[in-house]
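Trainee: What follows is a single structure, and I will ask about it in a moment.
The values are calculated or read from the model by the stated rules, or taken from the named source; none is laboratory data. In this text, all values refer to a predicted model and were calculated from it rather than measured experimentally. So basically every Cβ, Gly included, is an ideal-geometry build from the backbone, and we count neighbours across all protein chains shown. All accessible areas refer to the heavy atoms of the entire protein, side chains included, with ligands and DNA or RNA removed. Shrake-Rupley method; radii C 1.70, N 1.55, O 1.52, S 1.80 Å.
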Amino acid sequence: MSLNQQIESWLASRKKSFQLTNRPFITLAFAQAWDGSITTSKGESVALSCSASNQLTHQLRSLHEGILVGIETVLSDDPQLTVREWAGNNPQPIVLDSRLRMPPESNLHHHPDKKCWVLTVENAEASATPEDLAHEIIQVSRHKHDFVPLLPAMSLLREKGIESLMVEGGAKVITEFLKLGLADAVVMTMAPKFLGGYKAVGDLGITDIALVPHISPISYDKLGEDLIVWGDLKYRGKYSEPEK
Ligand SMILES: NC(=O)c1ccc[n+]([C@@H]2O[C@H](COP(=O)([O-])OP(=O)(O)OC[C@H]3O[C@@H](n4cnc5c(N)ncnc54)[C@H](OP(=O)(O)O)[C@@H]3O)[C@@H](O)[C@H]2O)c1
């Protein structure tokens, strides 16, 4: 079985056995150098993966109903978040953007078949009126948070029919999903490079090594020049939405 087939069948079985009904099944998928950097410095756009790994990313997108990134990734990479290098449907693009900074010229406003969903907080100030917008704004109750609180946001996505979600980054978003024990699976592309740059995972606020999120069982294989590492994410600690 090829690596692409192995990952597809693993994901299918994980999604099938997923029992929660209050949020989607969530996969973290990102590319990093061997030192854990996802880019040279925050806000820089760097192509880390080889072409075969890029194709895998597009395959992964096609295997999820939604794809989510943080606004900083939109501002630095201007991603399309479509499936172009694999046969399959485009997932619903979703952006976490509490201050409604999505630029009108961004690629996500020119998606071939979906209107991007922008998850924001209640009372966020929009610079354009809703009828001008090429995206749909979904407000999440702010409580005491400045960021979009992820637990209610994930619950809203599930209510809107998103049963599986791929989270593509960047680092702040990956860190928040791990902090909350919200990601069920991970697929990492390890590019054989050292960047000494901006790392995929920031402070998780966990000091006891026994309580850190871990991958088990873990699988790996070479794809083109890269190493792909994938597996289920397990958590032993207690996680709750931090107040910012
Ligand atoms: N190698 C890879 O696979 C990969 C993938 C993606 C991105 N990247 C790189 O990563 C960098 C961007 O990453 P980043 O860490 O700066 O930003 P990010 O994770 O893309 O976006 C973070 C922003 O999202 C908004 N947000 C709203 N609610 C949030 C929540 N609950 N949790 C986290 N964020 C929330 C916040 O902005 P507001 O306060 O304005 O809402 C926050 O500052 C870029 O350089 C990009 O090239 C690399």
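Trainee: Karplus couplings for segment 74-80 from phi (6.51 cos²θ - 1.76 cosθ + 1.60, θ = phi - 60°), rounded to Hz, Gly and Pro as x?
Mentor: Couplings: 4, 5, 8, 9, 6, x, 8 Hz.
Trainee: Using the beta-carbon distance between W34 and D146 and R0 = 25 Å, what value does 1/(1 + (r/R0)^6) give for FRET efficiency, to the nearest 0.05?
Mentor: Efficiency computed from Cβ-Cβ geometry: 0.15.
Trainee: Here's a follow-up. Loop only per DSSP, at most 16 neighbouring Cβ atoms within 10 Å: give me the trypsin sites (Lys or Arg not before Pro) in segment 1-84, ordered by residue number.
Mentor: Answer in residue order: K42, R84.
Trainee: Right, here's the next one. How about segment 1-78: which chymotrypsin sites (Phe, Trp or Tyr not before Pro) there lie in a loop by DSSP and see at most 14 other Cβ atoms within 10 Å?
Mentor: Taking segment 1-78 and a limit of 14 other Cβ atoms within 10 Å, the loop chymotrypsin sites (Phe, Trp or Tyr not before Pro) found are W34.
Trainee: May I ask you to list the GluC sites (Glu not before Pro) in segment 39-81 that are in a DSSP loop and have at most 15 other Cβ atoms within 10 Å of their Cβ?
Mentor: E44
Trainee: Show me the ranking of peptides 193-199, 218-224 by mean Cβ neighbours inside 10 Å, starting with the highest.
Mentor: 193-199, 218-224
Trainee: Can I ask one more? Going through the cross-link list K179/K199; K42/K172; K160/K234; K16/K172; K199/K222; K172/K199, which pairs have a Cα-Cα distance over 18 Å in this structure?
Mentor: In this structure, K160/K234; K16/K172; K199/K222 lie more than 18 Å apart at Cα.
Trainee: Another one. Given the rule -39500 (n - 2.57) for each run of at least 4 DSSP H residues, summed and divided by the residues of the chain, what is its mean residue ellipticity at 222 nm, to the nearest 500 deg cm²/dmol?
Mentor: -6500 deg cm²/dmol
Trainee: Give me the extension gain from I209 to N4: residue separation times 0.36 nm, minus the current Cα-Cα distance, reported in nm with one decimal.
Mentor: Answer, rounded to one decimal: 70.6 nm.
Trainee: Using a simple spin-label model with points 7 Å from Cα along the Cα→Cβ vector, what separation in nm is obtained for A134 and K42?
Mentor: Taking the two extended label points, one gets 2.8 nm.
Trainee: Okay, next question. Collect residues whose amide H, placed 1.01 Å from N in the peptide plane, falls under 5 Å from the amide H of V167; neighbours closer than 5 in sequence don't count.
Mentor: Here T27, L28, A29, L68 satisfy the definition.
Trainee: Oh, and also: What's the local net charge at L28, with K and R +1, D and E -1, over the other residues with C-beta under 15 Å away?
Mentor: With Lys, Arg at +1 and Asp, Glu at -1, the net is +4.
Trainee: Now for a different question. What dipole magnitude, in Debye to the nearest 20, does segment 57-175 give about its Cα centre under +1 on Lys/Arg Cβ and -1 on Asp/Glu Cβ?
Mentor: 280 debye
Trainee: Determine the relative contact order of the chain: mean sequence separation of Cα pairs under 8 Å and six or more apart, normalised by residue count, in whole percent.
Mentor: The value is 28 percent.
Trainee: I'd like to know which of L233, A33, T73 lies farthest towards the positive end of the charge dipole of the chain, counting +1 on Cβ of Lys and Arg and -1 on Cβ of Asp and Glu.
Mentor: L233
Trainee: If you roll a 1.4 Å probe over the heavy atoms of the protein chains, what accessible area per residue do you get for the chain, in Å²?
Mentor: That works out to 49 Å² per residue.
Trainee: Between D78 and Y220, what is the spin-label point distance in nm, taking each point 7 Å from the Cα along the Cα→C-beta axis?
Mentor: Placing both labels 7 Å beyond Cα along the Cβ direction yields 3.6 nm.
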